[in-house]
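The values are calculated or read from the model by the stated rules, or taken from the named source; none is laboratory data. Worth saying up front: this structure is predicted, and the values here are computed from it rather than measured. For neighbour counting, all protein chains shown are included, and Cβ atoms are generated from backbone atoms with ideal geometry for every residue, glycine included. For accessibility, only protein heavy atoms count, side chains too; no ligands or nucleic acids. Shrake-Rupley method; radii C 1.70, N 1.55, O 1.52, S 1.80 Å.
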Amino acid sequence: MKRLVRLFCLFLFLAASGCSSLRQAAQNQKCVLNADRPYDVVEIDPERHVVRLYWTDPQGQPFLTIKRFREWMANQPDSLVAATNGGIYEPGYVPTGLFVEDGTVRIPLNLRNGDGNFYLKPNGVFALTAGGVLVVEASEFEFVTDSVQYALQSGPLLVDRGTINPAFNRGSANCRLRSGIGVRGDGHAFIAISNGAVNFFDFATFFRDNLGCEEALYLDGAISSLWAPGIGRFEQSSKRYAGILAVLAKNL
């Protein structure tokens, strides 16, 4: 009977958790990517695009789903190019780490230790500043001097100064769908999501060697989705998230 109670409690915990390490461990898959289209990538060109982060609507209600966010955006003057879930979150759909929206710090930087991917150090911050986009190791974020307009913290950091996170193991069987964002030296950024299951080492290698990103940050795992009609992704996911990372077309 006690064993059944423990199992039931574990089920409730997994159902309520945003992206807990236990939930993610249960979602490991065979390490196989789509042979024809292993990744889908959205390139963010600073000449043509802007990046924004959204958590709640003007009435203070969380958007939760990309579908609801898109419906809201349809009545806004900006043209939505792509949207994806922006980082790891806590029960109640609250971002686990730093979340800056329109210059306001809504969740402070989180440098604590803990379990799960977010706490697999080093973790990092993706930010849009007055000088452009950047990915920086979380403990170094305080040294960013440009004014920060939008920022989200997630983890782990995939690539830092061209070096793959030393915590990753080549050939690891820890595979699942993964999403991330990276920044290239010319200021272009890239959102990538795997079509199939991939380990951290191979995902980080893709950002560094294929996309040319010297800095890249993991966003989330098996629950991730991407809406990007420009590359043929029309996901109508009802999955719930905290922050949403959006790419908008510049009004030229």
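Limited to the stretch 134-179, what total is found for residues that are open to solvent by 30 Å² or more (accessible area, probe 1.4 Å) and either closer than 22 Å to Val41 by Cβ or assigned to a loop (DSSP other than H, G, I, E, B) (or both)?
Total satisfying the criteria: 17.
Residues to consider are Leu64, Leu80; find the one that is of a type outside the set (D, E, K, R), at pLDDT 95 or above and part of a strand (DSSP E or B).
Of the residues listed, the single one that is of a type outside the set (D, E, K, R), at pLDDT 95 or above and part of a strand (DSSP E or B) is Leu80.
Just to be sure, is Leu53 closer than 18 Å to Ser179 by Cβ and either basic (Lys, Arg) or outside any loop (DSSP other than H, G, I, E, B) (or both)?
yes
Hey, among Ala222, Ala127, Ala197, Ala173, which residue is in contact (Cβ under 8 Å) with a residue 60 or more places away in the chain, in contact with a helix residue (DSSP H, G or I) (Cβ under 9 Å, 6 or more places away or on another chain) and not β-branched (Val, Ile, Thr)?
Result of the check over Ala222, Ala127, Ala197, Ala173: Ala222.
Go through (1) open to solvent by 50 Å² or more (accessible area, probe 1.4 Å); (2) among the charged types (D, E, K, R); (3) in contact with a strand residue (DSSP E or B) (Cβ under 7 Å, 6 or more places away or on another chain) and name the single condition Glu101 misses.
The failed condition is (1).
Output the residues belonging to the stretch 184-210 that are farther than 20 Å from Ala130 by Cα and open to solvent by 20 Å² or more (accessible area, probe 1.4 Å).
Residues satisfying the conditions are Asn195, Gly196, Phe201, Asp202, Thr205, Phe206, Arg208, Asp209, Asn210.
Kindly evaluate Tyr218 against the criterion of being within 16 Å of Ile88 (Cβ to Cβ) and either open to solvent by 30 Å² or more (accessible area, probe 1.4 Å) or assigned to a loop (DSSP other than H, G, I, E, B) (or both).
Spelling it out, it is not the case that Tyr218 is within 16 Å of Ile88 (Cβ to Cβ) and either open to solvent by 30 Å² or more (accessible area, probe 1.4 Å) or assigned to a loop (DSSP other than H, G, I, E, B) (or both).
Scan the stretch 180-215 for residues that are part of a strand (DSSP E or B), over 14 Å from Gly124 (Cβ atoms) and not hydrophobic (A, V, I, L, M, F, W, C) and jot them down.
Arg184, Ser194, Gly196
Report the residue count in the stretch 221-252 for those that are of a type outside the set (S, T, N, Q) and open to solvent by 60 Å² or more (accessible area, probe 1.4 Å).
6
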